[in-house]
1. Specify which of the listed residues (Leu141, Leu158, Leu187, Leu182) is crowded, with 17+ Cβ neighbours inside 10 Å and not charged (D, E, K, R).
2. Among the residues of segment 49-66, which ones are out of contact with any Pro (no Cβ under 9 Å at 6 or more places or on another chain) and buried (at least 19 other Cβ atoms within 10 Å of the Cβ)?
3. Give the number of residues within segment 67-85 that are surrounded by 22 or more Cβ atoms within 10 Å (Cβ to Cβ) and in contact with a Lys or Arg (Cβ under 7 Å, 6 or more places away or on another chain).
4. Do we have any residue at all in segment 70-87 that's among the basic types (Lys, Arg) and more than 20 Å from Val135 (Cα to Cα)?
5. Could you tell me whether any residue of segment 174-181 is of a type in the set (A, V, I, L, M), in contact (Cβ under 8 Å) with a residue 40 or more places away in the chain and assigned to a helix (DSSP H, G or I)?
6. Which count do you get for residues in segment 43-61 that are within 25 Å of Ala111 (Cβ to Cβ) and polar (S, T, N, Q)?
7. Is it fair to say Thr64 is in contact (Cβ under 8 Å) with a residue 12 or more places away in the chain, more than 17 Å from Gln105 (Cα to Cα) and in contact with a Phe, Trp or Tyr (Cβ under 6 Å, 6 or more places away or on another chain)?
Amino acid sequence: MKKKILQIGICASLQVLGAIVLGFLLLVLVYTLPLTPIRQNVANALPMIEAEGDYPTWGMVTSTKLDGFTDHLMLNEASAKSGYGSVILDALRNPHMVTEEEGSQAQNLEASLQDSGEGKVRAKDYARYWHGYLVVLKPLLSILSVPEIRMLHAGAVLFLFTAATLALGFRIGKRGAASLFLAFLSLAPVTLMLCMTYGVIWQISMVAILVLVRWERYLMEGQKYLFLFLWCGIAVAYFDYLTY
């Protein structure tokens, strides 16, 4: 028993170390992408972002409030010029640009995109987060507009939810599918689909359900399911802006 626990601990530690190295290398890679198309696509969305504000709502109740503050901050980081003159330092510190007054995120984003090098904006970082969403967001911004990325995100949330619901229905019956469906409704699905920040955890959860249902027998052998939960935690810490 002790030997088995030791083996699991060593294996888990190696996987975490591997994830750290892989996560860092992926961030370095996306920070080498050309900024011109990224900044242009974000600039094209500025009128929409300014009209929304930091906390827009699509309904009349609190649960319909979107975290535009964090979504706009993500766009700022994806489009920011090098804050430290090094791809490696930028990948480690993930700078975004702010004005001296540090106004709304929409104002910071606009100032960042209009920066002419006159010192009107300065680099600021949140180095305690991994900012792994940039591995997806930067390449997408290279080829898609912000509204198109939002539509893609909404489609991914809905597709993964549908796939997970069907998988649970086939595996444990209608009650399992109904439980997930009710959970989806309780989380204000439109909010999940419209807000990139809120949708990250949901998508990771749906992928985990699909993996668990598809490879249940394999995961139960030798307690391999522990590593599924390990990688869920790694994914959350890496991709979610609100987790560190």
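1. Leu141
2. Ile49
3. Residues meeting the conditions: 2.
4. No: segment 70-87 contains no residue that is among the basic types (Lys, Arg) and more than 20 Å from Val135 (Cα to Cα).
5. Filtering segment 174-181 down to residues of a type in the set (A, V, I, L, M) leaves 177-178, 180.
Filter once more, keeping what is in contact (Cβ under 8 Å) with a residue 40 or more places away in the chain: none.
No: zero hits.
6. Matching residues across segment 43-61 total 1.
7. Working: in contact (Cβ under 8 Å) with a residue 12 or more places away in the chain: yes; more than 17 Å from Gln105 (Cα to Cα): yes; in contact with a Phe, Trp or Tyr (Cβ under 6 Å, 6 or more places away or on another chain): yes.
Spelling it out, Thr64 is indeed in contact (Cβ under 8 Å) with a residue 12 or more places away in the chain, more than 17 Å from Gln105 (Cα to Cα) and in contact with a Phe, Trp or Tyr (Cβ under 6 Å, 6 or more places away or on another chain).
Okay, residues lined up against (1) farther than 29 Å from Pro37 by Cβ; (2) in contact with a His (Cβ under 6 Å, 6 or more places away or on another chain); (3) not aromatic (Phe, Trp, Tyr):
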| residue | (1), (2), (3) |
| --- | --- |
| Leu168 | yes, no, yes |
| Gly176 | yes, no, yes |
| Ser179 | yes, no, yes |
| Leu185 | yes, no, yes |
| Val200 | no, no, yes |
| Ile209 | yes, no, yes |
| Phe229 | yes, no, no |
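The values are calculated or read from the model by the stated rules, or taken from the named source; none is laboratory data. Predicted, not measured: the structure shown is a model, and the values here were computed from it. Neighbour counts run over all protein chains shown; Cβ positions are idealised from the backbone, glycine included.
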